[in-house]
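Only the coordinates and a few stated rules stand behind these numbers; no lab work does. Since this is a predicted model, take the numbers as computed values, not measurements. Note that each Cβ is placed from the backbone with ideal geometry, even for glycine, and that neighbours are counted across all protein chains shown.
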Amino acid sequence: MNLTIVKERVPLKTDSDGVVRVGGTRVTLDTVIAAFNEGATAEEIVYRYPTVQLADVYAVLSYYLRRPKEVEAYLQQRQHIAKQVRQQNQALFELKGMRGEPGTEDVNM
């Protein structure tokens, strides 16, 4: 019996917002890599995110381990964008005058 070696695609897709997702799910590459870097095994990642298949997690981790600089650059870019969005939201939705905010009085109490 001969073993047929088949080239398989990495189960990563970029959505319309430019976010890389795993195996046709809503689980992001960021999420899987963060869990892995925190010490989670592939099995633990699947337990946390049951919509992802175990084989897909292993394939994504293999991709990450073979291309750490590329993946880390993508993750840093995503962190930078998230920081910008947080800053924009803070500017739009300033907490001044909100109930419980230090320096404000709650007239309803």
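Sort out the exposed loop trypsin sites (Lys or Arg not before Pro) in the chain (DSSP loop, at most 13 other Cβ within 10 Å) and tell me the longest stretch that has none.
On the way: sites that count: Lys7, Arg9, Arg26, Lys96, Arg99.
That gives 27-95 as the longest site-free run.
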>> Projecting each Cα onto the charge dipole of region 12-92 (Lys/Arg +1, Asp/Glu -1 at the beta carbon, about the Cα centre), which of Ser62, Ala34, Leu92 comes out farthest on the positive side?
In response: Leu92
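Can you give me the Kirkwood hydrodynamic radius for region 12-92, using every pair of distinct Cα atoms, in Å to one decimal?
Details: mean 1/r = 0.0747 Å⁻¹.
In region 12-92 this quantity evaluates to 13.4 Å.
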> Dipole of the chain (Lys/Arg Cβ +1, Asp/Glu Cβ -1, origin at the Cα centre): which of Ala73, Pro50, Val6 lies farthest to the positive side?
Replying inline: Val6
>> Between Thr51 and Arg9, what is the label-point separation in nm under the 7 Å Cα-to-beta-carbon projection?
In response: 1.9
>> Given the DSSP H assignment, sum -39500 (n - 2.57) over each helix run of at least 4 residues in the chain and divide by its residue total; what's the result at 222 nm in deg cm²/dmol, nearest 500?
In response: -16000 deg cm²/dmol
